[in-house]
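> Before I ask anything, let me first share the structure, which is written out below as structure tokens.
The values are calculated or read from the model by the stated rules, or taken from the named source; none is laboratory data. Quantities reported herein were computed from a predicted structural model and do not represent experimental measurements. Backbone-built Cβ (ideal geometry, glycine too); neighbour counts: all protein chains shown.
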Amino acid sequence: MSADNISRKEFLGLSRLVAAGMLLPDLNLGTTEKEIKPDPFQNAVRLPTLEYHDPNFNAGDACMTPEVFEAQLDWLEKAGYYTPKAEEVTGFLKGEKLLPYNSVVIRFDLGTDKLDPDTKKSVWPRVFENLRKRNLHALIFLIPDTVGTLKDGLSWHDLAFYTNSGTLSICSHGLADHPNYQSISEEYALYSMQTSRKRIETGLKEGGVANPQVLGFAFPFDSVPSNAPELVEKAGFKFFASGVKINGLNAAEYKDINKGLPAIYPYVYRRDIQSREENARNNYALLPIKGGRSFIDTLVLNQNEFININVNDESWKKYKLNIWRQKMLPEEIFTNRLISPLSIIVHTDSQRGDVQDWKSEKTFNGVDAENRKIAVTFGVDQKGPLQFVPLYLREGRLFIPEPLYDSQAAKEVSPSINIEMAGDSFDQILENGEKDKKAAVLLTIANTAILIAQIIKISNGQLNENRVFGHFEMTIKGKSDPGEKTMIVLREMIRGALRPALRPDIKKYE
């Protein structure tokens, strides 16, 4: 039977067969959608959430202050974190939306309004403005009865403005009675959830949001009931925020919407705020948060957990960097996993004694000492860099073996390059040192600059000159190395080394 001489009767017969599905096996209609899978080198597989309340919140032995809050936001901005909107969170949890690797949800539980003691106006617009000017986004889990309760307090116009500006996604935190959802009836739970959603939608419309969508729900007191996924769907929401784990090591998994969006408390201990204030050059983001780890450590660990790569995996050998002289620290101080480093530590030796003894081998012996075992990445001396820790470069990201011990690394921006040294300040030698010592220090700084420029170039944008920090700029322990003047000279030399010139100009500093 050809298409040229087919009769009407034959055509109708074929049509009935097609309608019955009998001929479909011969047709390639391409109806099967390809599953979206995240690439762990480019996309988030785990999604941590930072749960805030107001900027003066007390949480037992821990607290939040405006200074700590803004320092944490500064770090997120500098480190290039992506803060998704509610619809993107929904897509991630359903396995329909890929997010960048360095993604984190900023969450606020907004159950009360407070007036700023100085301005006598609501504290919340300042919080929202701090997010907006850093191009960060937050999910606001709102109790709608909070809005309009105070004179000069939070208004629907405030919430609408920051929603329309792309700063906020407004979600629900239930009604003002703040019940325990594990003990109330399903009937009342649905009433509370649906009523709060409708009130928020109405308020946002009145404030100026054209088509508000309230996608997420946070259970008060983390009282997540056993039927949470079904309850959330019945109430018209897309996802729910689940509880906080004290150790901070919990994050949402890609395509796992039934477990919700667990959170991390970013509150710091009061005792540590005083330590930071005694060394005011340092950053609040270094302070330990609830659970004992620093704010930065907690986020990086949550993102690194999925990379469970055995260091002996043969397929990784081709990604190993063998550019510099090497003297490797013992394998026993590392786990068998590869992780993205918090920072790359560049260390120099003590400037005591004869200039000829200022060698990276002495640095190696120091960090490999029985009671230390510090995962320093490089030592640098007058001969150049000496690599102590294996480095891998794959798809634009650097990896190192995971240290078993505290690396004592600076953690201002992850990843960063941390400049440490032993002995006296380089500044003293640069300003008042003997000629041969000053020349040795300048050569060491120049070699450090060349090393850092090489690392920056191979990192494909993962690192840049703005992510190079002196030890004194990070630690809360009152360090002063390598010196403020030294860092000025080093940064200028790095900029020179990143240009076509082969070596930084040392003579201008002599």
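> Please specify each residue of the stretch 188-202 satisfying the condition of being closer than 21 Å to Gly166 by Cα and aliphatic (A, V, I, L, M).
Of everything in the stretch 188-202, just one residue is closer than 21 Å to Gly166 by Cα and aliphatic (A, V, I, L, M), namely Ile200.
> Quickly run through the stretch 126-148 and pick out the residues that are surrounded by fewer than 19 Cβ atoms within 10 Å (Cβ to Cβ) and either farther than 18 Å from Leu261 by Cβ or hydroxyl-bearing (Ser, Thr, Tyr) (or both).
Arg126, Glu129, Asn130, Arg132, Lys133, Arg134, Asn135, Asp145, Thr146, Gly148
> Which of the numbered conditions does Asp109 fail, given that it passes all the others? Conditions: (1) under 15 Å from Ile170 (Cα atoms); (2) more than 21 Å from the chain's Cα centre (by Cα); (3) of a type outside the set (S, T, N, Q).
(2)
> Considering each residue of the stretch 416-429, count those that are modelled with pLDDT of 80 or more and out of contact with any strand residue (DSSP E or B) (no Cβ under 7 Å at 6 or more places or on another chain), and give that number.
4
> So is Gln182 assigned to a loop (DSSP other than H, G, I, E, B) and of a type in the set (S, T, N, Q) or not? It would help to see each step written out before you state the result.
Working: assigned to a loop (DSSP other than H, G, I, E, B): yes; of a type in the set (S, T, N, Q): yes.
So Gln182 fits the description; yes.
> Out of Asp113, Asp152, Asp109, report the one residue that is in contact (Cβ under 8 Å) with a residue 40 or more places away in the chain, of a type outside the set (Lys, Arg) and part of a loop (DSSP other than H, G, I, E, B).
Values: Asp152 fails: in contact (Cβ under 8 Å) with a residue 40 or more places away in the chain; Asp109 fails: part of a loop (DSSP other than H, G, I, E, B).
The conditions single out Asp113.
> Now for a separate question. Does any residue in the stretch 186-197 that is over 14 Å from Ile143 (Cβ atoms) come within less than 9 Å, Cβ to Cβ, of a residue that is among the polar types (S, T, N, Q) and not in a helix (DSSP H, G or I) six or more places away or on a different chain, and which pairs are these?
Glu186/Asn227
> Could you list, in sequence order, all residues of the stretch 466-489 that are at pLDDT below 85, assigned to a helix (DSSP H, G or I) and among the acidic types (Asp, Glu)?
Listed by number, the list holds a single entry, Glu473.
> Among the residues of the stretch 82-97, are any outside any helix (DSSP H, G or I), of a type in the set (A, V, I, L, M, F, W, C) and modelled with pLDDT of 90 or more? Show your work before the answer.
Pass one, the stretch 82-97, residues outside any helix (DSSP H, G or I): 82-85, 95-97.
So of that shortlist, the ones also of a type in the set (A, V, I, L, M, F, W, C) come out as none.
The answer is no, given that none of the residues of the stretch 82-97 is outside any helix (DSSP H, G or I), of a type in the set (A, V, I, L, M, F, W, C) and modelled with pLDDT of 90 or more.
> Of the numbered conditions (1) surrounded by 17 or more Cβ atoms within 10 Å (Cβ to Cβ); (2) modelled with pLDDT under 90; (3) over 25 Å from Gly396 (Cβ atoms); (4) not charged (D, E, K, R), Ala79 fails exactly one; give the number of that condition.
(3)
> Further, regarding this structure: Just one of Ala189, Ala241, Ala176 is closer than 24 Å to Arg46 by Cβ, among the aliphatic types (A, V, I, L, M) and in the same structural domain as Arg107 (by TED's automatic domain parsing); which is it? Write out each step before concluding.
On the way: Ala189 fails: closer than 24 Å to Arg46 by Cβ; Ala176 fails: closer than 24 Å to Arg46 by Cβ.
Just a single option satisfies the conditions, and that option is Ala241.
> In the stretch 228-260, how many are over 21 Å from Phe141 (Cβ atoms) and at pLDDT below 90?
Restricting attention to the stretch 228-260, the residues satisfying the condition of being over 21 Å from Phe141 (Cβ atoms) are 247, 249, 254-255.
Within this subset, residues satisfying the condition of being at pLDDT below 90 are 247, 249.
Result for the stretch 228-260: 2.
> Now for a separate question. Which residue pairs have Cβ atoms under 7 Å apart, sit 6 or more places apart or on different chains, and have a first residue in the stretch 339-360 that is acidic (Asp, Glu) and a second that is surrounded by fewer than 21 Cβ atoms within 10 Å (Cβ to Cβ) and at pLDDT below 80?
Asp349/Ala422
> Let me ask another. Just checking, how many residues over the stretch 82-96 are surrounded by 16 or more Cβ atoms within 10 Å (Cβ to Cβ) and either in contact (Cβ under 8 Å) with a residue 40 or more places away in the chain or outside the structural domain of Val300 (by TED's automatic domain parsing) (or both)?
Within the stretch 82-96, residues that are surrounded by 16 or more Cβ atoms within 10 Å (Cβ to Cβ) and either in contact (Cβ under 8 Å) with a residue 40 or more places away in the chain or outside the structural domain of Val300 (by TED's automatic domain parsing) (or both) number 9.
> Let me ask something else. Could you check Ser192 against (1) under 26 Å from Pro55 (Cα atoms); (2) modelled with pLDDT of 95 or more; (3) among the small types (Gly, Ala, Ser) and say which number it fails?
Failing condition for Ser192: (1).
> So for the stretch 261-272 (the condition being at pLDDT 90 or above and either assigned to a loop (DSSP other than H, G, I, E, B) or surrounded by fewer than 16 Cβ atoms within 10 Å (Cβ to Cβ) (or both)), does at least one residue qualify?
Within the stretch 261-272, one or more residues are at pLDDT 90 or above and either assigned to a loop (DSSP other than H, G, I, E, B) or surrounded by fewer than 16 Cβ atoms within 10 Å (Cβ to Cβ) (or both).
> Give the residues of the stretch 203-229 that are out of contact with any helix residue (DSSP H, G or I) (no Cβ under 9 Å at 6 or more places or on another chain) and within 18 Å of Phe161 (Cα to Cα), sorted by residue number.
Step one: list which residues in the stretch 203-229 are out of contact with any helix residue (DSSP H, G or I) (no Cβ under 9 Å at 6 or more places or on another chain), which gives 218, 220-224, 226.
Of everything in the stretch 203-229, nothing turns out to be out of contact with any helix residue (DSSP H, G or I) (no Cβ under 9 Å at 6 or more places or on another chain) and within 18 Å of Phe161 (Cα to Cα).
> Being modelled with pLDDT under 80, hydrophobic (A, V, I, L, M, F, W, C) and either in the same structural domain as Glu431 (by TED's automatic domain parsing) or surrounded by fewer than 21 Cβ atoms within 10 Å (Cβ to Cβ) (or both) is the requirement here; does Ile506 meet it? Talk me through it step by step, then tell me what you get.
On the way: modelled with pLDDT under 80: yes; hydrophobic (A, V, I, L, M, F, W, C): yes; either in the same structural domain as Glu431 (by TED's automatic domain parsing) or surrounded by fewer than 21 Cβ atoms within 10 Å (Cβ to Cβ) (or both): yes.
Here the answer is yes, as Ile506 does meet what is asked.
> Here's something else I'd like to know. Among the listed residues Lys120, Lys198, identify the single one that is more than 22 Å from Ala235 (Cβ to Cβ) and either out of contact with any Lys or Arg (no Cβ under 6 Å at 6 or more places or on another chain) or part of a loop (DSSP other than H, G, I, E, B) (or both).
Of Lys120, Lys198, the one residue that is more than 22 Å from Ala235 (Cβ to Cβ) and either out of contact with any Lys or Arg (no Cβ under 6 Å at 6 or more places or on another chain) or part of a loop (DSSP other than H, G, I, E, B) (or both) is Lys120.
> Answer yes or no as to whether Ser192 is buried (at least 19 other Cβ atoms within 10 Å of the Cβ), over 25 Å from Pro84 (Cβ atoms) and more than 30 Å from the chain's Cα centre (by Cα).
On the way: buried (at least 19 other Cβ atoms within 10 Å of the Cβ): yes; over 25 Å from Pro84 (Cβ atoms): yes; more than 30 Å from the chain's Cα centre (by Cα): yes.
Answer is yes for this residue.
> Please list, ordered by first then second residue, the pairs with beta carbon atoms under 8 Å, 6 or more apart or interchain, first in the stretch 35-53 and basic (Lys, Arg), second in a loop (DSSP other than H, G, I, E, B).
These pairs meet every condition: Arg46/Ala251; Arg46/Tyr254; Arg46/Glu305; Arg46/Phe306.
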